[in-house]
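Nothing in this text is a laboratory measurement; each read-out follows from the coordinates by a stated rule. Nothing here was measured: the structure is a model prediction, and the numbers come from that model. Methodologically, a virtual Cβ is constructed for each residue, glycine included, from the backbone with ideal geometry; neighbour enumeration extends over all protein chains shown.
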2 protein chains.
Amino acid sequence: MHCCSKQCLSLVWKDALKNSRAFHRPAYCSQKIATVEPSSPNVRTEIPGPKSRQLLKELDRIQNTGAVQFFADYDKSYGNYLVDVDDNCMLDLYTQIASIPIGYNHQSLIDAVKNENNLSTFVNRPALGCYPPRDWITRLQTSLLAVAPPGLSEVQTMACGACSVEHAQKAMFIAFQRRKRGGAPPTQEELQSCKTNDLPGTPNLSVLSFKNAFHGRTMGALALTHTKPMHKLDFPQPKWPIATFPMLKYPLEDNVRENQAEEKRCLAEVEDLIETWKKKGEPIVGVVIEPIQGEGGDNFASPQFFQGLQDICIQNDICFNLDEVQTGCGVTGLFWAHEHFNLKQPPDIVTFSKKMLTGGFYYRSEYRSQEAFRIFNTWVGDPSKVVLLEAVIKVIKQDNLLNRVTEIGNYLWPEVEKIQKKYPDFLSRVRGLGITGAVDFPSLDDRNKAISSYYQKVYYNI
Amino acid sequence: MHCCSKQCLSLVWKDALKNSRAFHRPAYCSQKIATVEPSSPNVRTEIPGPKSRQLLKELDRIQNTGAVQFFADYDKSYGNYLVDVDDNCMLDLYTQIASIPIGYNHQSLIDAVKNENNLSTFVNRPALGCYPPRDWITRLQTSLLAVAPPGLSEVQTMACGACSVEHAQKAMFIAFQRRKRGGAPPTQEELQSCKTNDLPGTPNLSVLSFKNAFHGRTMGALALTHTKPMHKLDFPQPKWPIATFPMLKYPLEDNVRENQAEEKRCLAEVEDLIETWKKKGEPIVGVVIEPIQGEGGDNFASPQFFQGLQDICIQNDICFNLDEVQTGCGVTGLFWAHEHFNLKQPPDIVTFSKKMLTGGFYYRSEYRSQEAFRIFNTWVGDPSKVVLLEAVIKVIKQDNLLNRVTEIGNYLWPEVEKIQKKYPDFLSRVRGLGITGAVDFPSLDDRNKAISSYYQKVYYNI
């Protein structure tokens with residue numbers, strides 16, 4: 001059994017198509033950039049079409065193109081409709097690996113780029129950690145801080161998801177060692193030895209992650225990632241502890257006792273690992289977990305599981321780090337997925353990127369580095385992305401999009417359940433919250449056939 | 001003895017000031033953004049000034065501000081002049097940690113942002129690895145490929161320097177293991193074990209770096225970095241081999257034999273480490289080195305040293321990876337610093353970022369991953385930065401800036417040598433190529449005093 005959010009997306013697509021009356025070209029105004037949402041998808045060629053295939057051949061001389069699906073025409077794309085170079089207009093529920101927050105060519109983003117007041121922000125990328133721009137604090141207040149997870153008022157920007165996870169990890173190590181030193185400064189031996197990756201300055205510490213987790217592709221982030229072999233094969237990695245993420249049975253209402261036992265077992269495993277790794281001299285400084293596992297199969301756990309996990313972290317004085325790179329920015333109907341968990345206190349660290357357009361992490365004050373230049377790099381983010389985020393957040397609030405996500409989720413998942421009931425041998429484990437979720441097919445092959453047949457149905461207008 | 005490029009920059013500043021006649025406000029036109037270069041610096045307050053100090057206090061509620069020097073007004077900055085919020089106009093030779101390629105608010109960059117044809121590129125950041133934009137190949141050809149190091153025709157974009165170093169490292173591991181498998185596919189055991197960071201899928205492999213090297217701040221990049229304790233302290237790191245970067249004696253013409261012996265000794269150490277680490281079962285897959293060490297003290301080695309190093313890599317069938325994040329984009333008078341080395345064949349990998357505005361790496365075909373999704377992440381770079389780079393490269397070519405860099409270097413370093421001769425107890429080891437270089441002070445304290453007194457001289461107009 002293999003599952004993936006793409007399955008769900010295809011289903012939504014199918015559903016949308018069912019209700020569409022006609023396939024016609026999206027309307028573009030005379031401007032270069034599309035300003036009207038097409039009324040439906042319109043697939044004219046196989047995908048990738050002839051123009052994409054020609055470009056693919058050319059790009060392949062420059063780099064590996066194995067992941068390229070097609071070449072897109074971003075001038076013509078609008079809202080949730082992505083148009084490719086062969087003029088195929090697709091209802092896009094994958095949105096650039098879940099990184100487009102309010103659709104293509106949203107007028108508010110166009111306005112933000114065209115606004116003369118923002119011009120120098122797009123032209124001059126500063127070393128933010130050293131020479132922040134005049135309006136940086138205001139920008140942070142109207143963007144990242146305006147949607148900060150409840151109880152968190154500090155934030156560090158970074159350029160991408162992996163960097164956010166890496167530097168959040170560093171914040172954990174710093175806080176752990178500071179507590180261990182009990183206020184004393186590092187020794188000369190520590191300061192010298194760390195330069196050559198030696199003990200005691202380079203300590204034996206570990207971070208706990210979960211099976212099927214995805215946190216990124218640089219060494220420290222990849223060490224926490226356990227999804228597909230192609231992400232990991234051949235790369236040296238720290239050998240850190242990995243716990244089991246609960247694998248719930250559906251429908252939830254029929255499996256209450258079993259699922260409670262599964263989550264209890266997973267929490268016990270975490271406690272056990274914390275104990276074991278302390279004894280073996282490579283203590284766990286923190287737990288990193290997605291509120292909903294994305295790449296690993298849209299796996300959900302209950303609020304009680306996350307409450308229990310936070311309790312374990314508090315009891316052991318280690319960091320509780322929620323990676324909301326994929327779940328943040330409203331996809332669950334609340335701005336942050338962990339707001340569904342009723343945690344007793346804010347998570348210690350919340351990492352973000354993708355739809356937030358900038359990477360970074362929120363943190364509790366005790367995870368602030370006391371020294372300069374430790375959580376740092378040349379750019380530490382990009383104010384031009386924060387300008388865009390500011391516009392995105394304004395739209396989310398003005399258009400009441402969080403409520404809309406909840407409404408869609410409330411409609412969508414019961415509908416998918418109905419389809420599942422119709423095809424019980426083919427579909428299972430429907431699960432979703434807001435607009436994130438999945439359904440399982442019996443095999444990878446079945447899933448691929450289904451996706452492919454959706455494409456074909458649109459293409460041949462069946 | 002401690003050295004750093006800031007020293008050199010300060011000297012240039014001093015020199016520039018010597019020739020400036022008056023301190024007056026830079027001329028701004030009625031537009032929001034400055035369009036005229038000030039005729040001289042104009043420092044009106046202490047730095048940071050009162051407005052910067054107020055903003056610092058506010059920002060400190062949100063994050064650690066220990067590295068913040070002052071808040072900048074990027075609307076008012078122009079060319080090499082950086083204006084802060086207290087209206088201090090400074091001749092900026094530090095250029096946002098060496099990441100601004102052609103000065104602030106260059107008209108060509110403003111035009112690129114304002115160009116309607118580029119609008120959707122700034123608005124819609126794609127998942128480049130899956131859905132590249134229609135014009136992506138043309139963009140690559142007019143930007144990154146137009147300045148590719150001689151003999152390299154493949155390039156992978158990334159968002160920042162650390163990510164570039166990390167993914168270049170992964171390309172090395174992939175190529176090494178592919179050679180080891182001799183064309184055979186990975187085993188099922190390898191595919192399964194790598195998901196949990198276990199042998200054999202997660203192999204024991206290492207990368208060789210150099211003392212005083214700086215390559216970035218994420219775990220894999222930081223493992224190669226050996227400059228300041230504050231970058232490294234408390235972070236677990238792979239224990240990989242570290243060789244000695246030659247520490248040359250100056251003036252070079254008086255120390256020919258000694259310097260040759262030093263470089264020979266360093267190369268012998270590399271050969272020795274390759275042998276030792278092969279025997280201990282953690283073979284070195286590649287050597288990563290800066291053509292000129294930047295953060296570690298502007299340390300130069302001779303072309304012969306780099307030729308010898310490449311020979312060793314070829315003989316041992318391992319990767320020769322030049323990290324040009326700091327030295328690329330023309331600062332030495334050639335577009336890439338390694339073009340000064342007369343290498344017998346192109347380096348296997350050349351990483352870049354900073355002034356290139358986008359990160360990434362060029363590579364020889366044998367370092368291309370044969371499988372999709374291995375050198376990959378959500379964004380794999382940002383086309384909007386490539387749009388800016390395209391403009392930068394056009395300006396560099398049209399304005400013949402590489403020649404200008406050579407001319408400045410040819411003037412600058414003999415002048416600094418004259419100053420050194422005047423103060424032999426205070427200055428030593430003048431070294432430079434183009435506009436990158438340094439001079440040493442007797443101690444860190446002396447250096448800081450010198451820098452501080454330059455600021456003061458400008459402030460008090462002495």
* If we hang a label 7 Å off Cα along the beta carbon direction at A:Q345, how far is it from the matching labels on the other copies, in nm, shortest first? -> 5.9
* Asked: Is it possible to state the helix-based mean residue ellipticity at 222 nm for the protein assembly as shown, with each DSSP H run of 4+ residues giving -39500 (n - 2.57), the sum divided by total residues, to the nearest 500 deg cm²/dmol? What is it?
  -> -11500 deg cm²/dmol
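Suppose we look only past 35 Å in the calculated P(r) of segment B:127-396. What percent of the Cα-Cα pairs does that tail hold?
Details: 5687 of 36315 pairs.
Within segment B:127-396, distances greater than 35 Å cover 16 percent of Cα pairs.
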* Structure fact -> In the structure shown, of A:K278/B:K180; B:K195/B:K280; A:K228/A:K278; A:K57/A:K457; B:K211/B:K421; B:K249/B:K344, the pairs separated by more than 31 angstrom at the C-alpha atoms are A:K278/B:K180
* Tell me the chymotrypsin sites (Phe, Trp or Tyr not before Pro) within segment B:394-462 that lie in a loop according to DSSP and have at most 14 other beta-carbon atoms within 10 Å. => B:F426
* What nm distances, shortest first, do you get from the label point of B:E116 to those in the other copies when the point sits 7 angstrom along Cα to Cβ? -> 1.9
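Quick check on the exposure proxy: order B:C163, B:C319 from fewest to most C-beta atoms within 10 angstrom. Write out the running numbers ahead of the final one.
On the way: B:C163 32, B:C319 27.
Fewest to most other Cβ atoms nearby, the residues stand as B:C319, B:C163.
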* Using a Förster distance of 41 Å, how high is the FRET efficiency between A:I314 and B:K228, based on the Cβ-Cβ distance and rounded to 0.05? -> 0.75
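Over segment B:402-453, what number does the Rg to Rh ratio reach, with both radii from the alpha-carbon atoms and Rh per Kirkwood? Could the numbers behind the result be given before it?
Values: Rg = 12.1 Å, Rh = 11.7 Å.
Here the Rg-to-Rh quotient is 1.03.
Provide the convex hull volume over Cα atoms per residue for chain B, in Å³. Display every interim value, and only then the final one.
Working: hull volume 78.1 nm³, N = 462.
Enclosed volume per residue, from the Cα hull, is 169 Å³.
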* Expressed as an acute angle from 0 to 90° and rounded to the nearest 10, what is the orientation of the C-alpha long axis of helix A:161-181 relative to the principal long axis of chain A? -> 20 degrees
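Looking at the protein assembly as shown from every direction and averaging, what is the projected area of its Cα convex hull in nm²? If you can, show how the numbers build up before the last one.
Details: hull surface 147.6 nm².
Averaged projected area of the protein assembly as shown's Cα convex hull equals 36.9 nm².
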* Please label the shape of segment B:307-355 as rounded, prolate or oblate, based on the square roots a ≥ b ≥ c of the eigenvalues of the alpha-carbon gyration tensor (a/c under 1.5 means rounded; beyond that, a/b larger than b/c means prolate, else oblate). => oblate
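Hey, how much of the P(r) for segment B:260-329 falls beyond 17 Å, as a percent of Cα pairs?
Details: 1110 of 2415 pairs.
Distances greater than 17 Å cover 46 percent of the Cα pairs.
Once R0 is set to 35 Å, what does the formula 1/(1 + (r/R0)^6) return for the Cβ-Cβ distance between A:K249 and A:K57, expressed as a FRET efficiency to the nearest 0.05?
Working: r = 47 Å, r/R0 = 1.34.
Efficiency for this residue pair is about 0.15.
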* Asked: Sorted from fewest to most neighbouring beta carbons within 10 Å, what does the list A:L433, A:L402 look like?
  -> A:L402, A:L433
* **Nearest 10 degrees, 0 to 90: helix A:383-398 Cα axis against chain A principal axis** => 60 degrees
* Helix B:401-422 versus the longest principal axis of chain B: what is the Cα-based angle in degrees, 0 to 90, to the nearest 10? -> 70 degrees
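If N is the number of residues in segment B:36-80, what value comes out of its Cα radius of gyration divided by 2.2 N^0.38 Å?
Working: Rg = 12.6 Å, N = 45, 2.2 N^0.38 = 9.3 Å.
Here the answer is 1.35, to two decimals.
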* Give the range of the longest stretch in chain B that excludes all trypsin sites (Lys or Arg not before Pro) found in loop regions by DSSP and having at most 16 other beta-carbon atoms within 10 Å. => B:62-238
* Using the 7 Å Cα-to-Cβ label point, sort the distances from B:T187 to its equivalents in the other copies shortest first and give them in nm to one decimal. => 4.3
* To do: Would you give the gap between the C-alpha center of segment B:94-126 and the C-alpha center of segment B:182-234, rounded to a whole Å?
  => 34 Å
